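The values are calculated or read from the model by the stated rules, or taken from the named source; none is laboratory data. The shown structure was predicted, so the numbers you read here are calculated from the model rather than taken from an experiment. In this analysis, Cβ positions are derived from the backbone assuming ideal geometry, glycine residues included, and neighbour counts consider all displayed protein chains. Just so you know, the surface numbers come from the protein's heavy atoms only, side chains and all, with ligands and any DNA or RNA stripped out. Shrake-Rupley method; radii C 1.70, N 1.55, O 1.52, S 1.80 Å.
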Amino acid sequence: MKQILVLNSGSSSIKYELFDMDAGRALESGLVERIGEGESCLKQTLPASTPKSPSQSRSIDVAVPDHRQGMDLIRRALSENASFAGGEHLVGIGHRAVHGGETFSGPTLIDDHVLQAIQALVPLAPLHHPANLIGMEVARSAFPDVPQVAVFDTAYHQTLPPYAYRYAVPQDWYQRYGLRRYGFHGTSHAYVAKQVARHLGRPLTDVNTVVFHLGNGASVTAIRGGISVDTSMGLTPLEGLVMGTRCGDLDPAILIQMGKQSGISLDQMDGVLNKQSGLKGLCGANDMREVLAREAAGDQAAALAVEMFVYRIKKYMGAYHAVLGRLDAVAFTAGIGEHSAEIRARSCSNLGSFGIAIDPALNAAVEPPIGEIQTADSRVKVLVVSTDEEFEIAEQTLACVQPAGR
Ligand code: ADP
């Protein structure tokens, strides 16, 4: 049995998931949270042994002063799992890494040089990279004999052509400061595009898909034959769709104007645009379930927030349809994309002239992990796909470590 452990390290948490790659299923998942905050805890979930039995969870309160001890705790928790035992089946560890800049265009075996190269990218992701790096370092010392792989959220989008990734600002901004579109959620977009092709029974290289990843953060990618050719997030995850708390597309002059008129600092602006904007800024709630409930109860601000959310989706649908020329499939994924039939229906309304039409009954009844919801005469397939970023990281990790012959 080949096992892969996937780790996602944040500033105060480490999430983990252990996969049996032969069976293609998770054996255990969990997280250590509130590291260094006094009241840390370990949460562990063992998946259901049969489709009808419940999964088992437990939560243990335990002091975890730093990531190193958090990693030790995870290793001890795993060794209590009979399938993991002494870790003899563990062939690789995959680390989620947020930003690969232009340095990393695929999964990369971690060594000292790679860690240095990731360190050099900290200015591009100052909030996330230090935590990602700590996670890699502590996992390397906890599992010194297991190859470790970094899987970057940006890597999938390194195939964008320059006319899609450059901004129309002086060249110097790109050459000296690396200011360009990198795109994010790449692991999810890559996974969903593969699932769509597999579901349609066609080679990935033959299918053109627009994938809408609609979670708290939201992005859309135009995928031609499995290759990302444009994506809505940019230098940072702020650009593109309206999100839970992020503004998405904006006239950049607004920042200049606000700076001049209100005296708000750049750091404050960063906070407002990332954490106080989007649905939250428009109506006070960032959770789409709550926004929809408020709209249903007659709240005008919530109604406008939903209208703006779906209108922005529709604009990207048209834009990326034009980018791809021939569009075979539209896929909805992540929290909102997978669970909100209403948002899917409103996002695809009146798109008959684009060959896109949703069947209301199929849209309401679609089941995970994947299903089609278009009408019989819709030229474009519309699918709802459960994303699984951890499994995609595990697959990419396995592909990266296998040549080593373990
Ligand atoms: P994250 O980006 O944090 O991983 P998720 O992919 O979990 O986010 O998506 C979170 C979003 O999904 C929230 O806005 C939540 O309200 C929304 N969501 C989850 N279930 C539903 C539902 N049944 N209807 C509408 N929105 C939903």
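Quickly run through the range 331-383 and pick out the residues that are within 12 Å of the ligand (Cβ to nearest atom) and touching a Gly at 6+ places or on another chain (Cβ under 8 Å).
ALA334, GLY335, ILE336, GLY337, ILE343, ARG344
Would a scan of the range 257-265 turn up a residue that is within 16 Å of the ligand (Cβ to nearest atom) and either surrounded by fewer than 17 Cβ atoms within 10 Å (Cβ to Cβ) or in a strand (DSSP E or B) (or both)?
No, the range 257-265 has no match at all.
So LEU383 ticks every box in (1) under 22 Å from the mean Cα position of the chain (by Cα); (2) on the phi > 0 side of the Ramachandran plot but one. Which box is left unticked?
The number of the failed condition is (2).
Could you say which residue among THR103, THR108 is open to solvent by 70 Å² or more (accessible area, probe 1.4 Å) and of a type in the set (Val, Ile, Thr)?
Details: THR108 fails: open to solvent by 70 Å² or more (accessible area, probe 1.4 Å).
Residue meeting the stated conditions: THR103.
Could you check the range 158-238 for helices (runs of 4 or more DSSP H) lying wholly inside it with 2 or more residues that are touching a residue at least 24 places away in the same chain (Cβ under 8 Å) and touching a strand residue (DSSP E or B) at 6+ places or on another chain (Cβ under 6 Å)?
Once the helices (runs of 4 or more DSSP H) in the range 158-238 are filtered for at least 2 residues that are touching a residue at least 24 places away in the same chain (Cβ under 8 Å) and touching a strand residue (DSSP E or B) at 6+ places or on another chain (Cβ under 6 Å), what remains is 186-200.
Could you list all residues from the range 307-328 that are within 16 Å of the ligand (Cβ to nearest atom) and open to solvent by less than 10 Å² (accessible area, probe 1.4 Å)?
PHE309, VAL310, ILE313 - these are the residues of the range 307-328 that are within 16 Å of the ligand (Cβ to nearest atom) and open to solvent by less than 10 Å² (accessible area, probe 1.4 Å).
Which is at pLDDT 95 or above, touching a helix residue (DSSP H, G or I) at 6+ places or on another chain (Cβ under 7 Å), of a type in the set (A, V, I, L, M) and open to solvent by 70 Å² or more (accessible area, probe 1.4 Å), of LEU292, LEU238, LEU304, LEU279?
LEU304
If a residue has to be open to solvent by less than 50 Å² (accessible area, probe 1.4 Å), aliphatic (A, V, I, L, M) and at pLDDT below 95 to count, how many in the range 75-96 make the cut?
Result for the range 75-96: 3.
Whether any residue in the range 158-178 is closer than 26 Å to LEU238 by Cα, open to solvent by less than 10 Å² (accessible area, probe 1.4 Å) and touching a helix residue (DSSP H, G or I) at 6+ places or on another chain (Cβ under 7 Å) is what I want to check.
No, the range 158-178 has no match at all.
Got a sec? Which of GLY100, GLY87 is over 16 Å from GLN3 (Cα atoms) and part of a loop (DSSP other than H, G, I, E, B)?
GLY100
Give all pairs with beta carbons closer than 6 Å in which a residue from the range 281-292 that is under 13 Å from LEU214 (Cβ atoms) and of a type outside the set (Gly, Ala, Ser) meets a residue that is part of a helix (DSSP H, G or I) and within 6 Å of the ligand (Cβ to nearest atom); count only pairs at least 6 apart in sequence or on separate chains.
Hits for this filter: MET288/ILE336.
Select from the range 329-346 the residues that are assigned to a strand (DSSP E or B) and over 14 Å from the mean Cα position of the chain (by Cα) and write down the one among them that is surrounded by the most Cβ atoms within 10 Å (Cβ to Cβ).
Once the filter is applied, the top-ranked residue is VAL330.
Condition first: among the polar types (S, T, N, Q) and either over 20 Å from the mean Cα position of the chain (by Cα) or open to solvent by 30 Å² or more (accessible area, probe 1.4 Å) (or both). Now tell me which residues in the range 1-28 satisfy that.
Hits for the range 1-28 are GLN3, ASN8, SER11, SER12.
Quick one: count up the residues across the range 111-132 that are free of Cβ contacts under 8 Å to residues at least 60 places away in the same chain, under 20 Å from LYS15 (Cα atoms) and open to solvent by 50 Å² or more (accessible area, probe 1.4 Å).
Total satisfying the criteria: 1.
Provide a single number: the residues in the range 359-380 that are aliphatic (A, V, I, L, M) and either farther than 25 Å from SER188 by Cα or open to solvent by less than 30 Å² (accessible area, probe 1.4 Å) (or both).
Number of matching residues: 4.
Contact list please: Cβ distance under 9 Å, first residue in the range 338-349 and small (Gly, Ala, Ser), second residue open to solvent by 40 Å² or more (accessible area, probe 1.4 Å) and within 8 Å of the ligand (Cβ to nearest atom), pairs at least six apart or on different chains.
Matching pairs, first to second residue: SER340/ARG289.
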